[in-house]
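Throughout, read-outs are computed from the coordinates displayed, never taken from laboratory work. None of these values were measured; they are calculated from a predicted model. Neighbour counts run over all protein chains shown; Cβ positions are idealised from the backbone, glycine included.
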Amino acid sequence: MHLPGDGLPPDVTRGLIGPGCLIGVSTHSAVEGEAALQAGADFVVFGPVYDTPSKRLYGPPQGVAALAEVCRRVTIPVLAIGGVTPDRVPEIRAAGAAGVAVIRALLEADDPGRATRELLDAWERGHV
């Protein structure tokens, strides 16, 4: 389950849904990532890392350096979101992200299956 940063806290959500579901929280800073960890999140989604139309209402892109800071400061997996493309995957991995979350990269693709394979291939090649 993926919660908005201003939604129910992970510990409250866990009380409602039980222990069998992973809970993630959208975050936009290292402080928010730490708060999600302390509240019982299993993972955080951090962004937007790059500019993307769907995330502009959450503020300007945070950048790879901010992603790396979140990855250093929390002990749960961090997924990068916002403007993720196969070309950007290596620097996302180098920053310490455990994965990526995408919207536009698949929804606007002529061939979503191929776009998915390209992202997965970039992830596999992008290890440092």
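Adding -39500 (n - 2.57) for every DSSP H run of four residues or longer, then dividing by how many residues the chain holds, sets the calculated 222 nm ellipticity at -11500 deg cm²/dmol. Once both labels are positioned 7 Å from their Cα atoms along Cα-to-Cβ, the gap between Glu124 and Asp42 label points is 2.5 nm. Principal-axis analysis of the Cα atoms of the chain puts helix 112-125 at an angle of about 80° to the longest axis. Just to verify a number: FRET efficiency for Asp11 and Ala98, C-beta to C-beta distance, R0 = 30 Å, to 0.05? Once the sixth-power term is evaluated, E becomes 0.90.
Pairs of Cα atoms nearer than 8 Å and 6+ residues apart set the relative contact order; for the chain it is 19 percent. When each of the peptides 110-121, 58-69 is scored by how many other beta carbons lie within 10 Å of its residues on average, the order from highest to lowest is 58-69, 110-121.
Applying 1/(1 + (r/R0)^6) with r as the Cβ-Cβ distance of Glu91 and Val31 and R0 = 22 angstrom yields a FRET efficiency of 0.45. Put in line by how crowded their Cβ is, counting other Cβ atoms within 10 Å and starting with the fewest, Ser29, Ser54 read Ser54, Ser29.
Sort Glu91, Glu108 by Cβ crowding within 10 Å, fewest neighbours at the top.
Working: Glu91 16, Glu108 9.
Result, fewest neighbours first: Glu108, Glu91.
3J(HN,Hα) along the range 72-82: 6, 8, 10, 9, 10, x, 10, 9, 8, 9, x Hz, from the Karplus curve 6.51 cos²θ - 1.76 cosθ + 1.60 with θ = phi - 60°, whole Hz, x for Gly and Pro.
Stokes-Einstein, applied to the Kirkwood radius of the chain over Cα pairs at a viscosity of 0.692 mPa s and 37 °C, places its translational diffusion at 221 µm² s⁻¹. When each of Ile23, Ile17 is scored by the number of other beta-carbon atoms lying within 10 Å, the sequence from fewest to most is Ile17, Ile23.
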